[in-house]
Amino acid sequence: MPLTTASTPHATTAARRRLHWHRLIFGLWYRPVEVLDEARDRSVWGVATFLSLVCGALGTLAKDSFWVQWDNDRVLALEAMAIGSGVMLLASVLLGAVTHAIARRLGGNGRFGPTASLFVLVFWATDLPRLALATALPAGSPPVRAAACATAALGYALAALLIRGQHHLPTHKAVGAVSIQMLAAVALLKFPPGSW
């Protein structure tokens with residue numbers, strides 16, 4: 001009787017689902033746990049950079065000084081917007097780098113690229129509603145203040161969730177890793193001096 005050798009099926013690893021920009025940005029609002037889990041160990045610098053520059057532009061549009069400059073010299077106003085957006089991008093990347101360093105110091109094992117880029121993405125994606133309102137309403141108006149409080153709380157929670165998943169840290173250490181950066185950013189961006 002001839003021997004038949006059955007070939008053992010090779011385990012094929014399923015291709016990872018591509019995360020499109022709209023799923024990364026808006027998915028953080030309605031499916032944050034699922035999106036952060038899918039984005040684990042992925043660098044999303046392109047989307048994070050794009051969103052940071054857009055939010056920097058929105059933040060510039062919300063300032064009265066921009067419109068005063070716009071009436072005087074539109075080229076200078078646009079240059080100021082570009083510079084402001086670039087500064088916001090660099091500042092948010094720095095916050096992501098500091099968050100990664102603190103998480104590693106607390107015993108985390110995540111990689112820099114995914115941690116820093118997703119931190120930038122989480123920070124600006126949660127700030128979009130406040131920035132959109134601030135372009136149409138005064139900075140100290142009740143709707144803008146309410147949006148600032150709500151988005152600050154959501155951003156804090158998602159940043160802690162991100163660090164917990166990326167660095168495999170317990171919740172209290174993940175919260176500690178993001179506390180200083182988030183509180184400083186909230187104080188300077190969401191509730192700047194003179195907005196209350």
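The values are calculated or read from the model by the stated rules, or taken from the named source; none is laboratory data. For clarity, every value in this text was computed on a predicted model and none was experimentally measured. Every residue, glycine among them, receives a Cβ derived from its backbone with ideal geometry; neighbour counts consider all protein chains shown. Keep in mind that these areas ignore ligands, DNA and RNA; they rest on the heavy atoms of the full protein, side chains included. Shrake-Rupley method; radii C 1.70, N 1.55, O 1.52, S 1.80 Å.
Annotations for the structure displayed:
- Those residues of region 60-79 which are within 24 Å of residue 190 (Cα to Cα) and out of contact with any helix residue (DSSP H, G or I) (no Cβ under 6 Å at 6 or more places or on another chain), in sequence order: 61, 63, 64, 65, 67, 68, 78, 79
- Any hit, region 40-58, residues being in contact with a helix residue (DSSP H, G or I) (Cβ under 9 Å, 6 or more places away or on another chain), at pLDDT below 85 and open to solvent by less than 100 Å² (accessible area, probe 1.4 Å): yes
- Within region 127-175, the set of residues being outside any loop (DSSP other than H, G, I, E, B), small (Gly, Ala, Ser), without any contact (Cβ under 8 Å) to a residue 24 or more places away in the chain and out of contact with any Leu (no Cβ under 6 Å at 6 or more places or on another chain) comprises 146, 150, 153, 157, 160.
- Index of the failed condition, residue 144 passing every other in (1) modelled with pLDDT of 90 or more; (2) aliphatic (A, V, I, L, M); (3) buried (at least 19 other Cβ atoms within 10 Å of the Cβ): (1)
- Residue 120 in contact (Cβ under 8 Å) with a residue 40 or more places away in the chain, aliphatic (A, V, I, L, M) and within 20 Å of residue 35 (Cβ to Cβ): yes
- Of everything in region 15-33 that is charged (D, E, K, R) and under 16 Å from residue 126 (Cα atoms), the residue that is modelled with the lowest pLDDT is 23.
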